[in-house]
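Have a look at the structure below before the remarks.
The values are calculated or read from the model by the stated rules, or taken from the named source; none is laboratory data. Everything numeric in this text was worked out from a predicted model, so none of it was measured. Reconstructed Cβ throughout: ideal geometry from the backbone, glycine too, with neighbour counts over all protein chains shown.
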Amino acid sequence: MKIIDAKYVTSAPDVEHFPQSLPEFVFCGRSNVGKSSFINMILNRKNLAKTSSKPGKTQLLNLFLINNSVYFVDVPGYGYANVSKSQLDLFAKRVNGYFRDSKNLKCAFLLVDARHDPTKLDIQMVDYCRQYGIPHVIVMTKSDGVGTTKIYSRVKATREVLGLSKDDKIIVSSTLKKMGVDEAFEVIDSYLEEEGLNG
Ligand SMILES: Nc1nc2c(ncn2[C@@H]2O[C@H](COP(=O)(O)OP(=O)(O)OP(=O)(O)O)[C@@H](O)[C@H]2O)c(=O)[nH]1
Ligand SMILES: [Mg+2]
């Protein structure tokens, strides 16, 4: 898929508010893990998805329309202590509702921080996808914060903690080094081809 056009469409509380029925790719993970930054990087747009050093920036399901044919969905992050419990509950409700109700979700990009072992909530997210048969791929963000010699052991540890098999794909990513773009599009293209849609 070559990005010809990418634009922000709307922020919606649920899938009923999505303007069109199009194939969707969702980007989820802990608050501040780098979801919005990853979207901007792969779309090669600076601040299309709003990023922030303060967690909890993304609160609704933010929809981006790519080449008038695909949606990228930027969802609220989970599990950040500085956001009130009631707000976290609302975010979780929106994300769970999205997974439950979306009929067009092709693949979930599950982002985890390369610098640390996946958290309990990360593990839950992967288990959830497995349980409901949601195609998913793991993205290890902020890999620039790990020395190049250490990254292999970080990938290995992440595989172990998340219980991934050899065939489960991991994308090592860094927005500073622009790493992970081609790999992300390989995944996206493979799902679009499956649908007979050439991106
Ligand atoms: N060094 C480094 N910093 C990154 C990377 N990706 C994201 N960041 C930084 O991490 C912070 C959070 O990034 P966001 O993209 O806003 O994170 P998010 O997951 O969308 O956060 P919420 O919307 O709050 O859930 C920002 O300060 C980014 O600049 C990366 O690959 N390397
Ligand atoms: Mg965000």
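Filtering K57, K46, K50 for residues that are at pLDDT below 75, under 24 Å from I3 (Cβ atoms) and part of a loop (DSSP other than H, G, I, E, B) leaves a single hit, K57.
Taken over segment 12-50, the criterion of being under 14 Å from D74 (Cβ atoms) and of a type in the set (S, T, Y) is satisfied by S31, S36, S37. Of all residue pairs spaced 6 or more apart or on separate chains, those with beta-carbon atoms under 9 Å, a first member in segment 151-164 that is closer than 15 Å to H136 by Cα and a second member that is among the aliphatic types (A, V, I, L, M) and in a helix (DSSP H, G or I) are L162/I123; L162/V126; G163/I123; G163/V126; L164/V126.
V137 - would you say it is at pLDDT 95 or above and more than 26 Å from S21 (Cα to Cα)? So V137 fails the test. Within segment 1-31, the set of residues being part of a loop (DSSP other than H, G, I, E, B), at pLDDT 90 or above and under 16 Å from the mean Cα position of the chain (by Cα) comprises just one member, P23. Taking segment 165-190 as the range and being modelled with pLDDT of 95 or more, under 27 Å from Q131 (Cβ atoms) and of a type outside the set (D, E, K, R) as the test, the residues that pass are I170, I171, V172, S173, G180, A184, V187, I188, S190. The set of residues in segment 26-51 that are free of Cβ contacts under 8 Å to residues at least 12 places away in the same chain and near ligand 1 (Cβ under 8 Å from one of its atoms) is empty.
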